[in-house]
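What follows is one structure encoded as structure tokens, with my remarks underneath.
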Amino acid sequence: MAEDKTGANRIKRHPFLGDAPDGETTRVIVDGNEFYGIIGEPIAMTLLANGIRTSRTMPHSGAHRGYFCGVGRCPDCAMTVDGELNVMTCTTPLRPGMVVRTQQGLGSWQENE
């Protein structure tokens with residue numbers, strides 16, 4: 001079991017998604033860096049707990065986007081997860097060994113090859 005290095009920054013209660021799981025921790029790779037999160041919690045929760053605030057950039061301006069609605073209704077938390085574009089990280093549960101990348105604009109299948 002990986003050590004949970006995320007400290008007290010974790011969101012414990014969410015009005016729509018419910019309580020955070022008390023499961024075991026796992027390693028996740030984000031933009032080539034190793035972090036830890038709790039299996040089953042939304043990917044966005046793991047990222048926020050580890051101080052990661054940017055999920056993607058805007059297609060034309062390159063402006064950074066972060067987590068906005070937290071319930072999967074907007075595209076702001078979209079990231080590339082395990083090679084899949086536009087994954088809503090605020091509602092997608094963390095699984096062991098995930099590879100997450102900040103998505104540039106609308107994403108590109110070419111950047112995943």
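Each value in this text was obtained by applying a stated rule to the coordinates, not by laboratory testing. All values derive from a computational prediction rather than experimental measurement. Cβ atoms come from the backbone with ideal geometry, glycine included; neighbour counts cover every protein chain shown.
Worth a mention:
- Interchain or long-range residues, amide H under 5 Å from GLY66's placed H: SER55
- Across region 30-62, the residues whose backbone nitrogen lies under 11 Å from the label position 7 Å along the beta-carbon direction of VAL99 are 30-32.
- Most to least packed among 71-83, 37-49 [average Cβ atoms within 10 Å]: 37-49, 71-83
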